[in-house]
Amino acid sequence: MSGQGIDDVNSALEKYRRRRRELEQEEEEENRRSKLGLFDVDIDTEKSASIKRGSGSHESGSYVSAKQRRMEKIEGIRQRLHYDGSYGPQSEEKGSNEHASDTEALSDNEENSSDPTQLLGQQGPNANVSLVEQMAEMRKKHLLNEKTEEEKQKEQEKTLLAAIARRKQLASAAEIAKGVVYKEPMRTNWRLLPRHRSLSPEEVTARRKLWHIIVDGEDIPSPLVTFNSMRFPQPVLGYLKSKNIVQPSPIQMQGLPVVLSGRDMIGIASTGTGKTMAFSLPLVMLALEEECRMPLVQGEGPIGLIVCPSRELARQTYEGLLAIASALLEGGYPELRAILAIGGVSMQEQYHTLNKGVHMVVATPGRLQDMLARGRINLDLCKYMCMDEADRMIDVGFEEEMRTIMSYFKHQRQTVLFSATMPKKIQDFAQSSLVKPVVVNVSRAGAANMDIIQEVEYVKPEMRIVYLLECLQKTPPPVVIFAENKNDVDDMLEYLLLKGVEAVAIHGSKDQEEREYAMRSYREGKKDVLIATDIASKGLDFPEIKHVINFDLPKEIENYTHRIGRTGRAGKTGVATTFINMNSSEQVLLDLKHILIEAKQRVPPVLYTIADPTDKYRLPDGSLDTSVGCAYCGGLGHRLLDCPKLAQEQRAQQAAQRREGGANDY
Ligand SMILES: Nc1ncnc2c1ncn2[C@@H]1O[C@H](COP(=O)(O)OP(=O)(O)OP(=O)(O)O)[C@@H](O)[C@H]1O
């Protein structure tokens, strides 16, 4: 976000916080007054005495709860209505049932009434108006007031969103400078088979419905239900089969035809549902097409780029590309070369590949930016850019690096963004930077994978480490344990090693060698337990993880979705256990509650004890209107103005501004 943008967001938030402080102060004042026995409304002495008489008076100075006082006040009114017929002519004419409904209405509204004289209709302009009519009027006023409050909140949200949206587009600096706007998507030579081109719109819709695929955009290619129909060369089909990948997953059914045909795309699907293939295969096909057309020579390339938020994820994706490229080579196709550009490793080996011309680059933003700046690679021929875990990539953590990388593009490129979590705001922003994008949605962005059994346990902070051993018994290994901070990761490692558990750990302060050792030994099954910060929560695909333990609740609910998504992958079932305690953020707990409800999991009673401001957005069937969640992080348990992620990012941004540089590691 630009400095101006940050200021705007800050000032909008500051306004909101000021208003909130005022409201809190008002509330405090009200509480104080009522504790002292002062009614905030001006009831005349006679009436007040009458109410007290009716309700039983209290010894002066003794504490009476607000609820009790309210009840007594209502009782007083009720008694006057029943025993004193002096509240206007209408009350005498009414039957007792009507009185009952009137008093019910009173109790509903009394709390919000500011003028009990009017409420009772005893004097003033309402003296001749029936109680029912007065109540109807009050209700209307009350609703209007409430709406106004809601409108106010919406307005504040709008201002804040506008400030956030004032980010610059994800476009190259030269394009922005020259005002270049691409209107038409890129074209590739890939075509649907004639029999798929002739599918009727009804057939296409039925197919999408069957696989729960939701699309948005213009001229969207039909979903294809076999890899054969996607026209991959035989060695690629053979490779997929060897990995037991025989039928495309829904995100691949729709995502592959879209990306293969050159369209910009935003792909949203649950963790572990095959998004990586949906952006890797088209890159390989594009590289192959270019190589066949005109082989790359020294200093040329890449044709395409995949940017990932962590070194480990980049390595995993790179190895996937190498495997497909080598299957093609073995099948008699030209050699396709790839390099891995990540921090912490020497690029010496990679330079050898670069010298031959490179087709594909998989990178983390920092190292890629560095290589571009040093002129080690260029994006002159680059036609394809993918951001894996895209919301994280466009998030503040990497935004500046991504913008710098974009400035090296010379021509239009195809841009594809994939993630399991993609808040609406990020989608809107991304869409504005893409060319006629197609949005493919296979699950609600941020929803948990339905193949995961989610358990939430209340464990006191100091008991967690001891309880870990018991928790590890739930399933056989491999298990992964996540914690927010590096010290907790180190402490757990020490404890588990002492207890004889085969564990390894990874976080951003470990050196590259340690990180690689941990990943390798865990992946190869030599270690049973991986303990990690969120550095390992996104995208990593370890085979057969049975159990994810959250030592704490992450600060952002999206990280919860990613963390538990390390299990329950490729159609298998997994278990996730999350420890919560009194230190867990209420807002994230509420988000968690909604994720559990959505995934039809057991919600621990403690989560129902937290006041839930989203209760009013329940639909008639009791489910939550999912369109009302936070526009910034996608959490369903809070609104934008209370977003813990936004607040956290702002703190980080301010700190980064002070330091004049950002830190992106976990
Ligand atoms: N069509 C398929 N059929 C069976 N398995 C598949 C298929 N596509 C991918 N897989 C396997 O599913 C696993 C998860 O895939 P992948 O890592 O691409 O998930 P993802 O959606 O990117 O998850 P995340 O959101 O965590 O990054 C991998 O082991 C992959 O080989």
Among the residues of the range 223-248, write down those that are crowded, with 22+ Cβ neighbours inside 10 Å and either near the ligand (Cβ under 10 Å from one of its atoms) or modelled with pLDDT under 95 (or both).
Pro248
Got a number for residues in the range 249-274 being within 14 Å of the ligand (Cβ to nearest atom), open to solvent by 10 Å² or more (accessible area, probe 1.4 Å) and part of a loop (DSSP other than H, G, I, E, B)?
5
Do you know which of the residues in the range 296-343 that are outside any loop (DSSP other than H, G, I, E, B), more than 15 Å from Glu389 (Cβ to Cβ) and of a type in the set (Asp, Glu) is farthest from the ligand (Cβ to nearest atom)?
Glu330
If we keep just the residues of the range 502-544 that are open to solvent by 30 Å² or more (accessible area, probe 1.4 Å), touching a residue at least 12 places away in the same chain (Cβ under 8 Å) and away from the ligand (no atom under 14 Å from the Cβ), which is nearest to Ala341 (Cα to Cα)?
Asp511
Filtering helices (runs of 4 or more DSSP H) wholly in the range 385-485 for at least 1 residues that are assigned by TED's automatic domain parsing to the domain that holds Thr273 and within 16 Å of the ligand (Cβ to nearest atom) gives 390-394, 424-433
With the requirement that a residue be more than 20 Å from Met186 (Cα to Cα) and not β-branched (Val, Ile, Thr), what does the range 253-273 give you?
Met253, Ala269, Ser270, Gly272
Any residue at all in the range 379-393 that is over 15 Å from the mean Cα position of the chain (by Cα), on the phi < 0 side of the Ramachandran plot, among the aromatic types (Phe, Trp, Tyr) and surrounded by 20 or more Cβ atoms within 10 Å (Cβ to Cβ)?
yes
So if I check each of Glu218, Glu184, which one is touching a residue at least 24 places away in the same chain (Cβ under 8 Å), of a type in the set (D, E, K, R) and closer than 20 Å to Asn441 by Cβ?
Glu218
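Per-residue answers, yes or no, for (1) outside the structural domain of Val259 (by TED's automatic domain parsing); (2) closer than 18 Å to Leu381 by Cα; (3) touching a Lys or Arg at 6+ places or on another chain (Cβ under 9 Å); (4) among the aromatic types (Phe, Trp, Tyr):
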position	(1), (2), (3), (4)
Gly299	no, yes, no, no
Ala327	no, no, no, no
Gly331	no, no, no, no
Pro334	no, no, no, no
Val345	no, no, yes, no
Given (1) in contact with a helix residue (DSSP H, G or I) (Cβ under 9 Å, 6 or more places away or on another chain); (2) within 15 Å of Gly320 (Cα to Cα); (3) in a helix (DSSP H, G or I), identify the lone condition not met by Lys241.
(1)
Candidates His547, His594, filtered to the one that is open to solvent by less than 10 Å² (accessible area, probe 1.4 Å) and over 18 Å from the mean Cα position of the chain (by Cα):
His547
In the set Gly344, Gly320, Gly304, the lone residue that is open to solvent by 40 Å² or more (accessible area, probe 1.4 Å) and closer than 28 Å to Ile394 by Cα is Gly344
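The values are calculated or read from the model by the stated rules, or taken from the named source; none is laboratory data. Only a predicted model underlies this, so the values are computations on that prediction, with no experimental measurement involved. With ideal geometry, Cβ positions are generated from the backbone for all residues, glycine too; neighbour counts draw on all protein chains shown. Side chains included, ligands, DNA and RNA excluded: accessible areas come from the protein's heavy atoms. Shrake-Rupley method; radii C 1.70, N 1.55, O 1.52, S 1.80 Å.
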